[in-house]
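Below is one structure; the comments refer to it alone.
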Amino acid sequence: MFLRTVARCSFRWTTALCLLALVLAGCSPEHHPQTTLLPRGDFAKIADDLLDTTVRWALLVFVLVEGVLLYAIFRFRGKPGDPEPHQTHGNTTVEVIWTVIPALILAAIAVPTVRAIFQTNAMPGKDALTIEVVGHQWWWEFRYPEFNITTANELHVPMGRTVSLRMGSNDVIHSFWVPQFAAKRDVFPNRETRMWFTAQAEGEYPAQCAEFCGIQHGRMAHRIKAQKPEDFQAWVAHMQTLGSKPPGTAVPADAGPKYAEGEKLFTAKGCIACHSLAAVNAPKGLVGPNLANVGARSYIAAGTLKNTDENLAHWIRDPQGVKKGVLMPNLGITEAESQALAAYLRAHK
Ligand code: CUA
């Protein structure tokens, strides 16, 4: 009997500890980089500081109130045979105290909150880098008017220079969210919303559409590549070389035999109707993502698949199997054709 009780107790404790470990593992930012708790930019830092302030006050209130409650429970516990306690109704002093203290705490939270609202809604300075962000079902378009280049699903930003995002949508409402740099902000058709942030750490960070926008909302991810200013400039200079080229020209030196076949298929299969291969002077309003540097991206299909040759060919062959409902139709492309198209696109870096 005793042993059984001990066993049951230790089972409960083990379960509780395992659950706690699981919950805490979910908080570990190294394994879950899409976190707001590790800000890498000034905008996100403002929001994170606000959260810290609020949590500190909440913790103080919790400890004080629960402490007094526990003290009262144990100190004034009734015992059998105790007389009826003294009955009271109303106590002006206590009521004033428990009105004034919460009011002061709310004020202490409200002041930095209002300040943060104004800071994050302020317009960035004139030297900010303007980037136009366009939401599509289900990918993101990024245009850099200052450099006349366009890309998709990977937002390159220079460290230390504020970027000013001017955002809209091509179809439904999406929400642009860059957890470690800024906040969430909805994007709408025919209406511009704005956001800004300054990246303060180098690296590649995942981000995600944060407003339900159709069946592949969950696969509408993008990545932020925060680069040192010189690396960013080099990227821009490289992208500015990716203009439109007549077919057959500028074949890369290392292009395999499949490149030429892929190039023909890109036109013959109609890929060219929805995708531009030019980063410079890229046409607006195309249905599919710009592919000028698709070969250099970390992911394809808006964060759905790692950008390997195999995945690229698979995606081209069976987009509806990978991402059901996506606007890219299955075109009856054979395995060999998909490999040629992948080889052709891989050369676009
Ligand atoms: Cu776009 Cu959810």
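Observations
- Between Q233 and T53, full extension at 0.36 nm per residue minus the direct alpha carbon distance yields a gain of 61.0 nm.
- In the elastic network of the chain, a GNM with C-alpha springs shorter than 10 Å, the most mobile of R161, R185, R77 is R77.
- Among T151, T308, T92: highest mean-square fluctuation, GNM of the chain, C-alpha pairs under 10 Å: T92
- Helix 257-268 and the longest principal axis of the C-alpha atoms of the chain enclose an angle of approximately 80°.
- For segment 259-346, alpha-carbon Rg and Dmax in angstrom: 12.0, 33
- Counting only aspartates and glutamates at least 8 places from K79 when in the same chain, there are none with an alpha carbon closer than 16 Å to its own.
- Inter-part distance where segment 143-169 and segment 49-95 are each reduced to a Cα centre, Å: 53
- For segment 55-201, the calculated P(r), taken from all Cα-Cα distances in 5 Å bins from zero up to the bin holding the longest distance, is 2, 7, 11, 14, 12, 8, 7, 6, 6, 6, 6, 5, 4, 3, 2, 1, 0, 0 percent.
- Since only L265, A301, L345 are under comparison, the one whose Cα sits farthest along the positive direction of the charge dipole of segment 259-346, derived from C-beta charges on Lys, Arg, Asp and Glu, is A301.
- Cross-link reach list, lysines versus K264, counting only Cα pairs under 20 Å and skipping chain neighbours closer than eight places: K245, K349
- Separation of the alpha carbons by more than 26 angstrom is noted, of K126/K184; K228/K306; K45/K323, for K45/K323.
- Hull-based mean projected area of segment 103-183, where the convex hull spans the alpha carbons, in square nanometres: 7.2
- Over every Cα atom in segment 193-241, the radius of gyration and the widest Cα-Cα span, Dmax, amount to 14.3, 40 Å.
- For segment 301-349, the Cα gyration tensor yields ellipsoid semi-axes of 16, 14, 8 Å (square root of five times each eigenvalue, largest first, whole Å).
- For the residues N91, N153, N170, a GNM of the chain with alpha-carbon springs under 10 Å puts the largest fluctuation on N91.
- Pairwise centroid distance, computed over Cα atoms, of segment 97-137 with segment 180-202, Å: 14
- All-pairs alpha carbon distance profile, the chain, 10 Å steps from 0, percent: 5, 19, 24, 18, 12, 9, 7, 4, 2, 0, 0
- Within the accessible surface of the chain, defined with a 1.4 Å probe on protein heavy atoms only, the carbon and sulfur portion equals 63 percent.
- Note on K258: aspartates and glutamates with a C-alpha under 19 Å away, same-chain residues under 8 apart excluded, are D309, E310, E335, E337.
- Whole-Hz couplings from phi, Karplus 6.51/-1.76/1.60, listed for segment 191-206; x for Gly and Pro: 8, 9, 10, 10, 7, 9, 6, 10, 6, 10, 9, 6, x, 10, 10, x
- Residue-averaged 222 nm ellipticity for the chain, from DSSP H runs of 4+ at -39500 (n - 2.57), nearest 500: -13500 deg cm²/dmol
- Mean accessible surface per residue for segment 259-346, computed with a 1.4 Å probe while every protein chain stays in place, in Å²: 44
- When the chain is described by a simple charge dipole with +1 on each Lys and Arg Cβ and -1 on each Asp and Glu Cβ, the residue from F76, A152, V287 located farthest towards its positive end is F76.
The values are calculated or read from the model by the stated rules, or taken from the named source; none is laboratory data. Please read these numbers as outputs of a predicted model, since none were measured by experiment. For neighbour counting, all protein chains shown are included, and Cβ atoms are generated from backbone atoms with ideal geometry for every residue, glycine included. SASA here: full protein model, heavy atoms, side chains in, ligands and nucleic acids out. Shrake-Rupley method; radii C 1.70, N 1.55, O 1.52, S 1.80 Å.
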